[in-house]
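Novice: Got a structure here, written out as structure tokens. Questions coming.
The values are calculated or read from the model by the stated rules, or taken from the named source; none is laboratory data. Worth saying up front: this structure is predicted, and the values here are computed from it rather than measured. When we count neighbours, we look across all protein chains shown, and the Cβ atoms used for this are built from the backbone with ideal geometry, even at glycine. The protein model used for the area step is the full one, side chains on, heavy atoms only, and it has no ligands, DNA or RNA in it. Shrake-Rupley method; radii C 1.70, N 1.55, O 1.52, S 1.80 Å.
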Amino acid sequence: ASYGAPEPMTELWSGTLDADTVLTPDERIVYFRTERGGNGDIFRATRTSVTEPFGTPVRVDEVSGADSEEGPSWISPDDCRLYLASDRGGGLPQIYVAERP
């Protein structure tokens, strides 16, 4: 079947660059790159079910550097391993992984 016309996810829109979305398999958590607040940082938003809009996005401080740009690439099904691109080492972005118990 064909996709329908794209619809904006207005609850995530900030008026700045919002891109690079990564959704958990249950579709209740979204990670994305945004420039709200300056640099490209990773934000996360949750919702109670797939039929509900996402709540207010929050910055994922532990993976977002103060003077670097980050963007999520993939999240593990258990939401414990996040792959991301970051230029925190200076120069071109590199691939990083952040893990939590």
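Novice: Excluding ligands, DNA and RNA, what is the solvent-accessible area per residue of the chain at a probe of 1.4 Å, expressed in Å²?
Specialist: Dividing the accessible area of the chain by its residue count gives 65 Å².
Novice: What would the Debye equation give as log₁₀ I(q)/I(0) for the chain at q = 0.20 Å⁻¹, counting only Cα atoms as equal point scatterers?
Specialist: The Cα Debye sum returns log10 ratios of -1.03.
Novice: Right, something else. Got the relative contact order for region 1-60 handy, in percent, Cα pairs under 8 Å and 6 or more residues apart?
Specialist: 27 percent
Novice: Taking the Cα centre of the chain as origin, sum charge times position over the Cβ atoms of Lys and Arg (+1) and Asp and Glu (-1), and report the length of that vector in debye to the nearest 20.
Specialist: Dipole of the chain, to the nearest 20 debye: 60 debye.
Novice: Considering only protein heavy atoms, with the full assembly of protein chains and a 1.4 angstrom probe, order Val50, Val60 by accessible area, largest first.
Specialist: Accessible-area ranking of Val50, Val60, largest first: Val50, Val60.
Novice: With a 1.4 Å probe and every protein chain kept in, tell me what percent of the accessible surface of the chain is carbon plus sulfur.
Specialist: About 53 percent, which is the carbon plus sulfur part of the accessible surface.
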